[in-house]
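Enquirer: The structure follows.
Laboratory data are not the source of any read-out in this text; all were calculated from the coordinates shown. Here the structure is a predicted model, which is why all the values come from computation and not from measurement. For neighbour counting, all protein chains shown are included, and Cβ atoms are generated from backbone atoms with ideal geometry for every residue, glycine included.
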Amino acid sequence: MKVCHWCKEPLIFKRGVGWVHQDGSVYKQRPRTPEELEKFLKRRGRPPKKNELLVDDHCALPVEE
């Protein structure tokens, strides 16, 4: 079985996409830290949209378990 090098979750192979996490995503996301959000807001000058509150944490990287 292949697992993700970063989060150790099981991976599946999706034809045409490659290795993905169980939820079907290549990338796992996490909420921005308060510091990251502050920097982001200073650059944008406007409130963030919902999807902008997340940042890519890692992509699926298969390793043998």
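Enquirer: State which residue pairs qualify: first residue surrounded by 13 or more Cβ atoms within 10 Å (Cβ to Cβ) and inside the range 12-37, second residue of a type in the set (D, E, K, R) and in a strand (DSSP E or B) in any location, beta carbons under 7 Å apart, and separation of 6 or more residues or different chains.
Expert: Close Cβ pairs (under 7 Å, with a partner that is of a type in the set (D, E, K, R) and in a strand (DSSP E or B)) amount to W19/K2; V20/K14; H21/K28; Y27/D56; K28/D57; Q29/D56; Q29/D57.
Enquirer: I'd like the full set of residues that are more than 16 Å from E64 (Cβ to Cβ) and among the β-branched types (V, I, T), limited to the range 1-40. Break it down into steps so the answer makes sense when it comes.
Expert: Initially, the range 1-40 is screened for residues more than 16 Å from E64 (Cβ to Cβ), giving 14-18, 20-40.
Residues satisfying the conditions are V17, V20, V26, T33.
Enquirer: To continue, here is another question. For residues that are among the aliphatic types (A, V, I, L, M) and part of a loop (DSSP other than H, G, I, E, B), scanning just the range 1-51, find the one that is farthest from P62 (Cα to Cα). I'd like the intermediate steps shown before the answer.
Expert: Of the residues in the range 1-51, the ones among the aliphatic types (A, V, I, L, M) are 1, 3, 11-12, 17, 20, 26, 37, 41.
When the remaining residues are screened for being part of a loop (DSSP other than H, G, I, E, B), the result is 1, 17, 26.
Numbers: M1: 9, V17: 14, V26: 11 Å.
Per the criteria, the residue is V17.
Enquirer: Same structure, new question: When the range 52-65 is examined, which residues are found to be farther than 25 Å from P10 by Cα and either among the hydrophobic types (A, V, I, L, M, F, W, C) or outside any helix (DSSP H, G or I) (or both)? Before the answer, list the steps.
Expert: Of all residues in the range 52-65, those farther than 25 Å from P10 by Cα come to 52-53.
L53 - this is the single residue of the range 52-65 that is farther than 25 Å from P10 by Cα and either among the hydrophobic types (A, V, I, L, M, F, W, C) or outside any helix (DSSP H, G or I) (or both).
Enquirer: Which of the residues spanning the range 23-50 are out of contact with any strand residue (DSSP E or B) (no Cβ under 6 Å at 6 or more places or on another chain) and of a type in the set (S, T, N, Q)?
Expert: S25, T33
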